[in-house]
Amino acid sequence: MKHLFSNIKGDAFGGITAGIVALPLALAFGVSSGLGPTAGLYGAIFISFFAALFGGTNTQISGPTAPMTAVSMVVIAGIIATNDGNVSKALPIILSVFLLSGFMQIGLGVMGLGRYIRYIPYPVVSGFMTAIGVIIILTQILPSLGYYPKEDDEFVERFKPHAEEIILENILKEEAGEGILVLEDFKITIERSSTVTPHDILVESQTLASKKTSGALGAIKALPRAINNVDWLELILAFGTIFIIYGFKRITTALPSTLVALVIMTSIAVIFGLDYRPIETIPKGLPIPNLEIFTTFSFPNLTPYIFTALTLALLGAIDSLLTSVVADNMTKTKHLPNKELIGQGIGNSIAAVFGGIPGAGATIRTVVNISSGGKTKLSGMISSLVLLVILLGLGPVASRIPAAVLAGILITVGIGVMDFKGLKAIPSLPRDTKFGPLRVSSEVIIMFVVLILSTFWNLVYAVGIGLIIASLMFMKKIGDLTAERSDLKPLKEEAWGDEVHFPEHLKEDVFIKHIKGPLFFGSTSDFQQLISQIPNSATKVIIRLGRMQYMDQSGLYAMEDMLQDLNKRGVLVLFVDIQKQPKYMMERIGIIPQLIPKAHIFKDFKKCMRWLQKD
């Protein structure tokens, strides 16, 4: 406790500054997610406080971030679409996914998996971060132009036949569930169909129109209509915001340019009484827990989203721990990765209960906190309280912020989150892989696969596919290196130092095999060539294992197959200097002592030679 209050002045200034910086981003991320500005603000309040209190990075400021919001946006849109476009109906399931994600993060920390996050390859992270930027930019173009597909009557009209079809299909599903869908009861179907109003068809049509234009691909498809129906006032507000954000940074960085842009553009819109589109109303009063998460909980409803929750948990872990590394570099301290994951998980879980979107450690806010004097966990907690005070005191004022201003802010966030460092390095990366007639960099392939799949298909699967490709390419490289270094030549072509004086009369009778490096699935094909290299005159084979520190299951069975073949041919096999892990593996399946008796295992080559000469 004493340590917590050891830097009150610096933590207060750091926390207040970070909270002010977080405000426009929290509102913008909430709007972008699809749950509204309040969800972003609630997420920032609860994650910031509890991640700071229970986390393992003293100066970390947490809250909604671009990557977490991009994934959340996809999750939210998908669940709302499966619930007939009804946000109220979908909300408990959405928040349950976020809650499960928080629990998973806690589990990752408890299991001590925080230290393994660093093994995710850079090209996967780079492709994903660039995709996040592209998605945010593309999805914010429509609101920047003042175009909302649900409000385009001509566009919505196209979906009415499909909407009627879906409504009728839902009626038939209900009747099938009630057991009344039989020929003589079609009159009930007709009666129920007659109760469908034009408003019901319109709402369903609007849902289909929103779904058609959701995501990056949907935004691209809707762009021609958006340009033809542009609202010039909204476009000016968005461009004005972007101009101020980039322009004000050139004047001074003492004040956050995002906040300056938000205040200036909102003031202009309000003072001049412009006919702009405001964000959703932010409710007054303290946040209230959404108990429907628990009262309406249904495991079958949650099951399809377990993998999605895990993706959110892993992404939040990566996002947070990368920020922790930045904080360490700035403060010359060392964070506790597993404790940080537990803190982030607790923050995300509590935020979900109150209706907030998930988040992670936020790099910009953390840097601002440290630069402003923040040194302890108190700074993150103060940042949260600043946002709570703004919510309680300035909620009605914040509700007058133009939606186009937040769209402009998000476009700059999208540009900022893209990995330009990785993109600039593309020409200089080694072209180590053949792709048809061309030679390209394997890392560039991974980066673009993740980028394209994340942007136009599925963020969750894109990362998984990227990791698989990166793993396979890594395994191939290791296999190639192992094959290059592995010695498959007979003794007379190359000998180790202690083999130089090998007795001449034994050279025809004894074959020596050197195994260098691990024996794993990437190198077994080369190892299996050994049988064909053993001369017919050899009655004994010495396998030197001192440089084989590791053997996997593929290598183990390749070794067993080779030993069985030699055993059938009556060739005696001797092991020299077998290492601990390979010996353990061979003992587990009986290679030792069934195929290689312990009497045929020697600690060094000299002892093996004495045994041979004695024999």
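Nothing in this text is a laboratory measurement; each read-out follows from the coordinates by a stated rule. Note that this is a predicted model, so its numbers are computed, not measured. We place every Cβ from the backbone using ideal geometry, glycine too, and count neighbours over all the protein chains shown.
List of remarks:
- Built amide H within the under 5 Å cut-off of VAL541, gap 5+: PHE511, LEU572, VAL573, LEU574
- For ILE357, nonlocal amide neighbours, meaning residues 5 or more places apart or on other chains whose placed amide H falls under 5 Å from its own, are GLY40, GLY43.
- One chain, two ends: ASN170 and GLU157. Fully extended at 0.36 nm per residue, the span grows by 2.6 nm beyond their Cα-Cα distance.
- Computed [θ] at 222 nm, deg cm²/dmol, the chain (DSSP H ≥ 4; -39,500 (n - 2.57); rounded to nearest 500): -20500 deg cm²/dmol
- Stretch gain in nm, segment TYR461-ARG610, where the contour uses 0.36 nm per residue and the Cα spacing is subtracted: 47.7 nm
- Pairwise Cα inverse-distance average, inverted: Kirkwood Rh of the range 298-339 (Å): 12.1
- Overall form of the range 514-605 per C-alpha gyration tensor (a/c, 1.5; a/b vs b/c): rounded
- Shown is the FRET efficiency for LYS332 and LEU385, computed with R0 = 30 Å from the Cβ-Cβ distance and rounded to the nearest 0.05: 0.60.
- The range 386-405 versus the range 337-375: alpha-carbon centroid distance in Å: 21
- Residue order, fewest to most beta carbons within 10 Å, for SER371, SER442: SER371, SER442
- Evaluating 6.51 cos²θ - 1.76 cosθ + 1.60 at θ = phi - 60° for every residue in the range 421-429, the Karplus couplings come out as 4, x, 5, 5, 7, 3, x, 8, 6 Hz, glycine and proline recorded as x.
- Approximating the spin labels as points 7 Å out from Cα along Cα→Cβ, the VAL110-to-LEU472 distance works out to 3.6 nm.
- Rounded tilt (10° steps) of 232-251 against the dominant C-alpha axis of the chain: 60
- Working note: Karplus 6.51/-1.76/1.60 with θ = phi - 60° gives the range 9-25 the couplings 4, x, 5, 5, 5, x, x, 5, 4, 5, x, 5, 5, 6, 4, x, 5 Hz, where Gly and Pro are set to x.
- The chain: angle of helix 337-353 to the longest principal axis, Cα-based, in degrees nearest 10: 30
- Matching label, semi-axes √(5λ) of the Cα gyration tensor in Å computed from the structure shown, candidates [x] 41, 27, 22; [y] 54, 34, 21; [z] 59, 32, 24: [z]
- The share of alpha-carbon pairs in the range 425-484 lying farther apart than 16 Å comes to 51%.
- Centre separation in Å (Cα based) which lies between the range 195-233 and the range 290-331: 30
- Cross-link table LYS249/LYS377; LYS211/LYS476; LYS434/LYS583; LYS9/LYS332; LYS516/LYS540, entries beyond 31 Å C-alpha to C-alpha: LYS211/LYS476; LYS434/LYS583
- From phi via Karplus (6.51, -1.76, 1.60), per-residue ³J(HN,Hα) for the range 53-67 in Hz, x at Gly/Pro: 5, 9, x, x, 10, 4, 9, 5, 10, 10, x, x, 10, 4, x
- Beta bridges per DSSP with both ends in the chain, % antiparallel, nearest 5: 30
- Averaging the sequence gap over all C-alpha pairs within less than 8 Å and six or more residues apart, then dividing by the number of residues, gives the chain a relative contact order of 26 percent.
- Interchain or long-range residues, amide H under 5 Å from ARG277's placed H: ALA403, ALA404
- By the count of neighbouring beta-carbon atoms within 10 Å, fewest first, LYS249, LYS598, LYS513 end up ordered LYS598, LYS249, LYS513.
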